[in-house]
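Notes follow once the structure below has been shown.
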Amino acid sequence: YPTKIIFCPGGTSRQESVWNGLISQELNAYEKVLVHDIVRPFAKNALISEIIKSLDKASAVVPVVEIIDTIKVIKNNSVESTPQRSNLRAVQTPQGFRRDLLIKANIFAQENNLSVTDDSSIAEAFGTEVKTINAYPENIKISTPVDLKLANIIAETFSI
């Protein structure tokens, strides 16, 4: 795939930063965009290629991994329910989108004051089917000191 990395000014939130990128004049020539967190440095080239290829047939594609922990829904410091783990996945980045869809979904989010933690949530709220592909457990998000220690082990162990 021909690739070009375009940098643009960040915003005060994730959504604002993505919006700044989407409206960048440099992106006008591209139909597909990937949104990636800088705190996930272990995205494999194969994963990126698979997301780009998947956008030939889908408007939105996210990489996911199985959940290994039991998840509880908590309300008022008490367990409200336990969703079936087989139906749950952890979502990673990069997330891929048809650019025109993500622009429309972001306008919808702005008009409806939606605040979300990832871009696929905006696409979902807009009514878009978000396809999934299998990702890699080592594509971790580095958010804590423990994550940083794990990242050092991954960097020494895996070929990314």
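The values are calculated or read from the model by the stated rules, or taken from the named source; none is laboratory data. The structure displayed is predicted, hence computed values, not measured ones. We place every Cβ from the backbone using ideal geometry, glycine too, and count neighbours over all the protein chains shown. Note: accessible area is taken over every heavy atom of the protein model, side chains too, but ligands, DNA and RNA are not part of it. Shrake-Rupley method; radii C 1.70, N 1.55, O 1.52, S 1.80 Å.
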Exercise. Only one of (1) closer than 24 Å to Thr128 by Cα; (2) among the aliphatic types (A, V, I, L, M); (3) within 14 Å of the chain's Cα centre (by Cα) is not met by Ile38, so which one is it?
Worked result: (1)
Exercise. Considering the range 6-22 alone, what residues qualify as being surrounded by 16 or more Cβ atoms within 10 Å (Cβ to Cβ) and more than 17 Å from Ala123 (Cβ to Cβ)?
Worked result: Cys8
For this session: Kindly list the number of the only condition in (1) open to solvent by 50 Å² or more (accessible area, probe 1.4 Å); (2) part of a loop (DSSP other than H, G, I, E, B) that fails for Glu26.
Result: (2)
Problem set entry | In the range 110-123, the residues that are surrounded by fewer than 16 Cβ atoms within 10 Å (Cβ to Cβ) and not in a loop (DSSP other than H, G, I, E, B) | Gln110, Glu111
Seminar exercise, completed: Reported set for the range 116-138 where residues are of a type outside the set (Asp, Glu) and modelled with pLDDT under 95 is Val116, Thr117, Tyr136, Pro137
Problem set entry | Out of Ile51, Ile6, sole residue that is assigned to a helix (DSSP H, G or I), within 28 Å of Glu111 (Cβ to Cβ), under 18 Å from the mean Cα position of the chain (by Cα) and of a type outside the set (Phe, Trp, Tyr) | Ile51
Problem set entry | Every pair of residues 6+ apart whose Cβ atoms lie under 7 Å, when the first sits in the range 50-71 and is farther than 17 Å from Arg89 by Cα while the second is modelled with pLDDT of 95 or more and aromatic (Phe, Trp, Tyr) | Ser59/Phe97
Problem set entry | Filter result (touching a helix residue (DSSP H, G or I) at 6+ places or on another chain (Cβ under 8 Å), part of a helix (DSSP H, G or I) and in contact (Cβ under 8 Å) with a residue 60 or more places away in the chain) within the range 81-109 | Arg99, Leu102, Ile103, Asn106, Ala109
Exercise. Of all residues in the range 140-160, which are in a helix (DSSP H, G or I), open to solvent by less than 70 Å² (accessible area, probe 1.4 Å) and closer than 21 Å to Arg89 by Cβ?
Worked result: Asp147, Ile154
